[in-house]
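Below is one structure; the comments refer to it alone.
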Amino acid sequence: MSQTTNQKNIQLIRGFKDILPGETELWQHIERTAISLFEDFGFREIRIPIMEKTELFARSIGEDTDIVEKEMYTFADRRGDMLTLRPEATASICRAYIQHKMAAQDPVRKFYTIGPMFRRERPQKGRYRQFYQIDAEIFGVAAPYADIKLIFMLRTLFDRLDVTDTTAHINSLGCPACRPRFKAALAQLLSEAAPKLCSDCNRRKDRNPLRVMDCKVPGCREAMAGAPSILDYLCADCRAHFATVTDTLSRLGVPFEIDKQLVRGLDYYTRTAFEIQTGALGAQSAVAGGGRYDGLVESLGGPATPAIGFAIGFDRLAEIIAAGAPVTTRPPDLFIAALGETARRQAFEWSAALGVAGIGVSMVYADKSLKAQMKQANRQNAGRVLIVGESELAAGTVVLRDMASKSQQEIPVKGLIDHLVKALC
Ligand code: ATP
Ligand code: MG
């Protein structure tokens, strides 16, 4: 296309988004709060690739899930290998755990990771095609204390971020010993309800009846309202596990609701499943979800390893927090208004030295009047302005102005950096 044709500006991919300055401050705050809390709880960061072999997700998430059936970004690379942009983190972390033989040294590992995930869903508020998750996983602990620790840590994170208007929903999905009995009872109900179910659920109901409980189509929800409770079908071990989780959470003061309808969209869950829900995001009610997946590591070829994890929807969490308290951009510690080229060059060198000393400096490099520069300092909310005039500089002084009190003081150029560091730190 020639340069002269009317070219449209290139827009980002539908369902993808930019996170701009003004928003990134909040994202960084959330990230720092999460990292510091997780590290205190003994979790270590793991960074996994953004792409994996398609087979990893197909095998771990499950062929009958929304993600694998219709949401994955899958393509053949130039050599014909089938690759997928990760739709979630757990499968990759399991792959890494197995591949690096982590169980041989110490099967008990606690990981966290933060990063983008990709699902080709219908974009809407709180639902994107590239979105971010904050993910934490515990490997190698069968005891319910791992479940409790994760849910407690999640609650503590939300408290630290002042996100209180949320509810934790908890259920148990049983284990391979007790789930088949529940599935059979559910299958019975589903065959009677078949005409009311959506086409996806009609297809899934025989192979994976649990999935129907997770369907958001209103007709399916209605049909499932009278479904039996999985909690009535738990074996003694699963029942004891669930009782310890719920009793201990109550003792720790973590508010939650038992939600027998909660199954979660992925195949690999066993026993405890949970979701943090909010009313703040319209239809997108889940701000975090997680559960135990005791069979996954082994099914991917690793040693039998119980495990549990959660993923927080970072975008949704940021939206909830931003709605409550709009973030403001951090103002500079000091604005330097320099008049004339000699003053500007000197000011620029000072700004470099102050930056090294940890003081945020802002200045303009163009030749602007003092009035224009003071306007700029006001717009940036600078608390102090250093005015560097050509003749004052020649006389060995500059002026420091406090923008709030409007008071000014003359300071000698000699020892200026030390003076400013003391005054501003
Ligand atoms: P939903 O029911 O909203 O589709 P999900 O069960 O597919 O969620 P999970 O796979 O459990 O979600 O992922 C954990 C969290 O990641 C969700 O609770 C949600 O906050 C967030 N999340 C999932 N999909 C998206 C998306 N497309 N855009 C933004 N956040 C998402
Ligand atoms: Mg989904």
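The values are calculated or read from the model by the stated rules, or taken from the named source; none is laboratory data. Being a predicted model, the structure only gives us computed values, none of them experimental. Counting neighbours? That spans all protein chains shown, and the Cβs are built from the backbone with ideal geometry, glycine included. Surface accessibility is based on the protein's heavy atoms, side chains included, excluding ligands, DNA and RNA. Shrake-Rupley method; radii C 1.70, N 1.55, O 1.52, S 1.80 Å.
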- Somewhere in the range 181-193, is a residue touching a Lys or Arg at 6+ places or on another chain (Cβ under 9 Å), open to solvent by 30 Å² or more (accessible area, probe 1.4 Å) and not assigned by the TED database to the domain that holds Thr65? yes
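Let's see how each residue does on (1) open to solvent by less than 70 Å² (accessible area, probe 1.4 Å); (2) in contact with a strand residue (DSSP E or B) (Cβ under 9 Å, 6 or more places away or on another chain); (3) of a type in the set (Lys, Arg):
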| site | (1), (2), (3) |
| --- | --- |
| Lys125 | no, no, yes |
| Gln130 | yes, yes, no |
| Asp147 | yes, yes, no |
| Pro176 | no, yes, no |
| Cys201 | yes, no, no |
| Cys215 | yes, no, no |
- In the range 133-176, what count of residues is obtained for those that are touching a residue at least 60 places away in the same chain (Cβ under 8 Å) and either in a helix (DSSP H, G or I) or of a type in the set (Phe, Trp, Tyr) (or both)? 17
- Message: Under 8 Å between Cβ atoms, which residue pairs at least 6 apart in sequence (or on different chains) link something in the range 210-234 that is closer than 13 Å to Lys183 by Cβ and among the small types (Gly, Ala, Ser) with a partner that is open to solvent by less than 20 Å² (accessible area, probe 1.4 Å) and more than 15 Å from ligand 2 (Cβ to nearest atom)?
- Response: Ala227/Leu186
- State which residue is nearest to ligand 2 (Cβ to nearest atom) when the search covers only the range 232-258 and only residues that are crowded, with 17+ Cβ neighbours inside 10 Å and of a type outside the set (Ser, Thr, Tyr). Phe256
- Task: Would you confirm whether any residue within the range 105-115 is crowded, with 19+ Cβ neighbours inside 10 Å, within 16 Å of ligand 2 (Cβ to nearest atom) and under 15 Å from Tyr293 (Cα atoms)?
- Result: no
- Query: Which helices (runs of 4 or more DSSP H) sit wholly inside the range 308-425 and have at least 3 residues that are under 30 Å from Cys94 (Cα atoms) and open to solvent by less than 30 Å² (accessible area, probe 1.4 Å)?
  - Reply: 314-324
- So Tyr73, is it over 28 Å from Gly174 (Cα atoms), within 16 Å of ligand 2 (Cβ to nearest atom) and touching a Leu at 6+ places or on another chain (Cβ under 9 Å): yes
- Only one residue in Gly42, Gly62, Gly15 is in the same structural domain as Asp135 (by the TED database), over 16 Å from the mean Cα position of the chain (by Cα) and at pLDDT 95 or above, so which one is that? Gly42
- Query: Within the range 218-231, is there a residue that is within 16 Å of ligand 2 (Cβ to nearest atom) and farther than 30 Å from His29 by Cα?
  - Reply: yes
- Message: Quick check on this structure: which one of Met82, Met72, Met51 is open to solvent by 20 Å² or more (accessible area, probe 1.4 Å) and farther than 25 Å from Ile19 by Cβ?
- Response: Met82
- Only listed residue being touching a strand residue (DSSP E or B) at 6+ places or on another chain (Cβ under 6 Å) and buried (at least 18 other Cβ atoms within 10 Å of the Cβ), chosen from Ile46, Ile61: Ile46
- Residues that are away from ligand 1 (no atom under 12 Å from the Cβ), touching a Leu at 6+ places or on another chain (Cβ under 8 Å) and open to solvent by 20 Å² or more (accessible area, probe 1.4 Å), drawn from the range 266-281: Arg271
- Message: Can you confirm whether Lys110 is in contact (Cβ under 8 Å) with a residue 12 or more places away in the chain, of a type in the set (Lys, Arg) and assigned by the TED database to the domain that holds Asp267?
- Response: yes
- From the list Val245, Val254, Val217, pick out the single residue that is within 29 Å of the chain's Cα centre (by Cα) and closer than 29 Å to Arg122 by Cα. Val217
